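Undergrad: Have a look at this one before I ask anything.
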Amino acid sequence: MTELDESHRAFANFRVLNGDDNQMEREQLFRTTAQLFSYVSDRCDDDQVAQYDEVLCQLAELVEVEARVHVAKLLAPLERAPGTVIVKLANDVIEVARPLLEFSNVLSDDDLIDIITRQTEDHRVAIAGRSMLTERVGDALVDHGETASVVRLVRNPKAEFDRATLEKLVKRATEDAEIAADLRGRSDIDWKSLRGEIDQVAGKVLQTLGNLDRQVDPVAAGKINTVVYNRIRNRAGFNAQEWKVAYNQVKGLADRKQLDDRALARFARFGYGHHAAAAMAVMLQVAPEIVVKWLAGQDYVAVIVALRATGMAPDLFEAIVATLPWRDLPSDADKKMVLSRFDALDRDDAKHIFELWRAHSFRKRAMGEDRQTA
């Protein structure tokens, strides 16, 4: 019997979920189900992952900490794991959450920021040691963390800091010698330009923090593509590792039924180009390599047709196009052309063209004609 067959068989009898069981049975089933998933995770389709997710979430409510710790350690290194149970265990007591907070790539920046905001300092310390730590997550740690998590953040050579976060760190360093010592040891920071702020931090930093902390609702934000374009103007190009991480995080978001226009707007607002591209693949139900080819070939027409078929609003479309990790950054003329064609294309026509493409019912030449018509 194959591992996949065994995993299907494991779903055959779940009397433990109805209370007709004992504690030992519950914990054994919890461990076994997670172990089976770890064997077949790379071969499961979305429906199978959803089954595992539902069962593991229910069992997590019925078992003791030791079993949850065991399962968290099994799920932490997986590239594809059920999104709901991952977030659930990452918000558990620190013994359970630690391996996921330190190693799971399924947790998105938004997941991590939420945990930083709501959970304990031990949770923040675990997050501060992650091998990939973006500017947004680092900023949240500086805002909410105590000395232990901020020190670990500053000592993490993989942590990224933007100017706003550095100014906050400089301010904290004036009050905490340990943070100051570790901050000075960062060789990747341009201290020459910041030296004046270290000496006169009180006035300057406090004046600027009020502006830096303002938040804008991602759905209500209007022409955000200009902001996005400025943020990513020096970050064009596709990165295979970033794509791999982004795709699995987006799949986890879809597992939790949270992949929607609001999520897309958030990707655009923060310049998460690979996440926006991965979201396209998942929402359109196309193979990820198809979207990668569109980006590599600067295939604006394919993206116009695909996103017009989803009924996306023009403002959001404009922001997403500016955020995507194209081979080359779109020029002003490209952006103007793309938006005008998107506005001119009827949604029903776009759906028809896209479904023809999906079904492979037309030749390459016909595809070109349909695109030209679009």
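Where a number appears in this text, it was derived from the coordinates with a stated rule and is not lab data. Everything numeric in this text was worked out from a predicted model, so none of it was measured. Because the Cβ atoms are built from the backbone with ideal geometry, glycine has one as well, and the counts that use them run over all protein chains shown.
Undergrad: Measure off 7 Å from each Cα along the Cα-to-Cβ vector at Asp47 and Ala287, then give the distance between these two points in nanometres to one decimal.
TA: 2.1 nm
Undergrad: I need the peptides 142-150, 250-258 ranked by packing, meaning the mean over residues of other C-beta atoms within 10 angstrom, with the highest value on top.
TA: Highest mean packing first, the order is 250-258, 142-150.
Undergrad: In addition: For the modelled label position 7 Å from the Cα of Glu178 along Cα-to-Cβ, which residues of region 134-164 have backbone nitrogen atoms closer than 15 Å?
TA: The answer is 145-156.
Undergrad: Here's another thing I want to ask about it. 5 Å is the cut-off here: which amide hydrogens, built 1.01 Å from N in the peptide plane, fall below it relative to Leu133, excluding neighbours closer than 5 in sequence?
TA: Long-range HN contacts for Leu133: Glu160.
Undergrad: Short version: what are the Cα gyration tensor semi-axes of region 134-175, square root of 5 times each eigenvalue, largest first, in whole Å? Numbers along the way, then the final one.
TA: Numbers: eigenvalues 37, 28, 17 Å².
That gives 14, 12, 9 Å for the three semi-axes.
Undergrad: Hey, another quick one. Test of understanding: what is the full-extension gain from Lys73 to Gln35, defined as 0.36 nm times their sequence separation minus their Cα-Cα distance?
TA: Residue separation times 0.36 nm, minus the Cα-Cα distance, leaves 12.6 nm.
Undergrad: Oh, and also: Listed highest first by mean packing, meaning other Cβ atoms within 10 Å per residue, what order do 90-97, 284-291 come in? Intermediate values should be presented prior to the final figure.
TA: Details: 90-97: 19.1, 284-291: 14.8.
Ranked from most to least packed, the peptides come out as 90-97, 284-291.
Undergrad: Quick one: what are the phi-derived ³J(HN,Hα) couplings along region 295-309, Karplus 6.51/-1.76/1.60 with θ = phi - 60°, whole Hz, x for glycine and proline?
TA: Values per residue, Gly and Pro as x: 5, 5, x, 6, 7, 5, 5, 4, 5, 4, 5, 4, 6, 5, 5 Hz.
Undergrad: I'd like the distance separating the alpha-carbon centroids of region 36-95 and region 126-146, in whole Å.
TA: 24 Å
Undergrad: OK, next. Students often get this wrong, so check it: of Lys73/Lys244; Lys158/Lys244; Lys158/Lys251; Lys251/Lys336; Lys251/Lys351, which have C-alpha atoms separated by over 26 Å?
TA: In this structure, Lys251/Lys336 lie more than 26 Å apart at Cα.
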